[in-house]
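Take a look at the structure below.
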Amino acid sequence: MINKKQFKNLLSGRSPKIAIILGSGLSEIANAIENPLIIDYHHIEGFPKSTVKGHKSRMVIGNFSNKEVLCMQGRFHLYEGHHPGVIADVIRSLRYVGIEELIITNAAGSLNPDIHPGEIMMIKDHINFSGQNSLIAFSDQEEFQRFVDMSNAYDKDLRAELRDIASEMGVLLHEGVYLMVLGPNFDTAAEVKAFRIMGADAVGMSTVPEVLAAVDCGIKVLAFSSITNFGTGMQEHPLTHDETLSVSSQASKNLTRLIQAYLAKD
């Protein structure tokens, strides 16, 4: 388990209310943070480590659009071998230090021909196809709910704000359903066809465990997919992780602008 008291002490008196989790190829968003305090994950007792290329395994705390934020450069995936409860423990540690709102980003493949690589999709709902759940009792489950209502997991009021901001800025912002698979392999063409029939607009290997734990903790959630490719069978060339990182970095510029504008609002 994470030593939450030690984690809080490492913040050196800083008290961010908003946390941002950065997905593959999106870590450069943290470069816009001013007066940064950098904490490597391994300095926090019990904190897991990120092992995926494109994730720096550290957090940056500082000012972003006049708001104090905690930005995680590196998240944890079930395909790395983490118990789902480990991800819940991370989110609960964020709540312990005062986080009230969580902005999650990820890299995802499009299942919708109208949502193209290089574009952004705001998540309005999800399908958990991973076969795992971060709310399965791991350590301190007795402090939280067991049967969690997910009717407003991706906060509708926050999403309305983002739609207005994107419209004002002239940034194309799609909205759709995210489907999580366990990974780490990319999906087959048959799976992509099935996911589209199920009503999913994008597919990825993260985000849902964090969202489940955040809702359980009473943390409001906004989540965005940086679309890196079309699903297998929807494009001609094979999928690679390097492509994911490259295209994500293109979309990160608009996503950074959106988040900055959102945080700048009172």
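The values are calculated or read from the model by the stated rules, or taken from the named source; none is laboratory data. Since we're looking at a predicted model, the values are computed, not measured. A quick note on method: Cβ atoms are made from the backbone with ideal geometry, for glycine too, and the neighbour counts reach across all protein chains shown.
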Scan L70, L11 and give me the residue that is over 16 Å from Q260 (Cα atoms) and aliphatic (A, V, I, L, M). L11
For the stretch 60-76, give me each residue that is crowded, with 22+ Cβ neighbours inside 10 Å and farther than 12 Å from A30 by Cα. R75, F76
For V69: the one exception among (1) touching a helix residue (DSSP H, G or I) at 6+ places or on another chain (Cβ under 9 Å); (2) of a type outside the set (G, A, S); (3) closer than 29 Å to D187 by Cβ; (4) modelled with pLDDT of 90 or more: (3)
Would you pick out the residues in the stretch 160-185 that are over 16 Å from G231 (Cβ atoms) and surrounded by 16 or more Cβ atoms within 10 Å (Cβ to Cβ)? L162, I165, A166, V171, L173, E175
Among the strands (runs of 3 or more DSSP E) lying completely within the stretch 4-118, list those that include at least 2 residues that are farther than 17 Å from E210 by Cα and without any contact (Cβ under 8 Å) to a residue 60 or more places away in the chain. 34-40, 58-64
Write out, first by first residue and then by second, each pair whose Cβ atoms fall under 8 Å of each other, whose residues are 6+ apart or on separate chains, and whose first residue, in the stretch 212-231, is under 13 Å from H126 (Cβ atoms) while the second is of a type in the set (S, T, N, Q) and part of a strand (DSSP E or B). L212/N128; A223/T105; A223/N106; F224/T105; F224/N106; S225/T105; S225/N106
Going by the structure shown, is F47 buried (at least 19 other Cβ atoms within 10 Å of the Cβ), farther than 17 Å from L102 by Cα, out of contact with any Leu (no Cβ under 8 Å at 6 or more places or on another chain) and not polar (S, T, N, Q)? yes
Considering the stretch 186-211 alone, what residues qualify as being buried (at least 24 other Cβ atoms within 10 Å of the Cβ), of a type in the set (A, V, I, L, M) and part of a helix (DSSP H, G or I)? V208, V211
